[in-house]
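Please treat every number below as a calculation from the coordinates, not as lab data. Not measured: the values here are computed from a predicted model. Cβ atoms come from the backbone with ideal geometry, glycine included; neighbour counts cover every protein chain shown.
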Amino acid sequence: MISQKMADAINVQIKEEFYSAYLYLAMAYKSEELGLKVFAEWFQHQEAEERMHATKMAQYLLDQGAEVTLLQLDQPKYDKSSISAMIDETVKHEKFITNCISDLVNLARDEKDNATFNFLQWYVEEQVEEVASVSELQDLVKLAGPDQLLILEERLRQLVAARNSAE
Ligand SMILES: [Fe+2]
Ligand SMILES: [Fe+2]
């Protein structure tokens, strides 16, 4: 059994993960609107991952006999002026989530909650991976510039395909 304080904090993080999904879904639709179908696919993939992050936490609460409270989601807010702006927003958002996870880990430590501390290590690793991969994409978008996004989509198509076959 975990403390109410810990359960409340995880419920807030479940909301943040669903918000991430909602944000990336919005970006997927915006990419589609801009004619960038592979970016749209990439954001769809991110969206599915974020939903998995949320539901994995919800299952953990249930396993611990705690209540899952689905909190209200905000409307996605982001700079939608270009794909480059959206990727910058994605990097910023993933860094924010990394900080949230870090706060949760610190709380688990304060609460002497070893099970939750252990459970959260998966997210610590996941965030290292996510920040690295979105930062890599951010570099590619900057290198390509606005005129070569379609060429960049070819590279991104390979990355998406490689990731899909790895799963
Ligand atoms: Fe996440
Ligand atoms: Fe993420």
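Helices in the chain, meaning DSSP H runs of at least 4 residues, each add -39500 (n - 2.57). Divided by all residues, the mean residue ellipticity at 222 nm is -28500 deg cm²/dmol.
Going down the table (Lys56/Lys77; Lys77/Lys112; Lys15/Lys142; Lys37/Lys142; Lys92/Lys112), which pairs top 28 Å between alpha carbons?
Lys77/Lys112; Lys15/Lys142; Lys92/Lys112
When each of Lys95, Lys77 is scored by the number of other beta-carbon atoms lying within 10 Å, the sequence from fewest to most is Lys77, Lys95. Against the empirical 2.2 N^0.38 Å (N residues), the chain has a Cα radius of gyration ratio of 1.11. In what order do Phe18, Phe96, Phe43 fall by count of nearby beta-carbon atoms within 10 Å, going from fewest to most? Starting with the residue having the fewest Cβ neighbours, the order is Phe96, Phe18, Phe43. Between Glu16, Glu154, Glu41, the Gaussian network model of the chain with springs among Cα atoms under 10 angstrom shows the greatest mean-square fluctuation at Glu154.
For the chain, the longest principal axis of the C-alpha atoms and the axis of helix 149-166 are separated by about 40°. Over the stretch 39-150, Cα pairs under 8 Å with separation of 6+ residues give a relative contact order of 24 percent.
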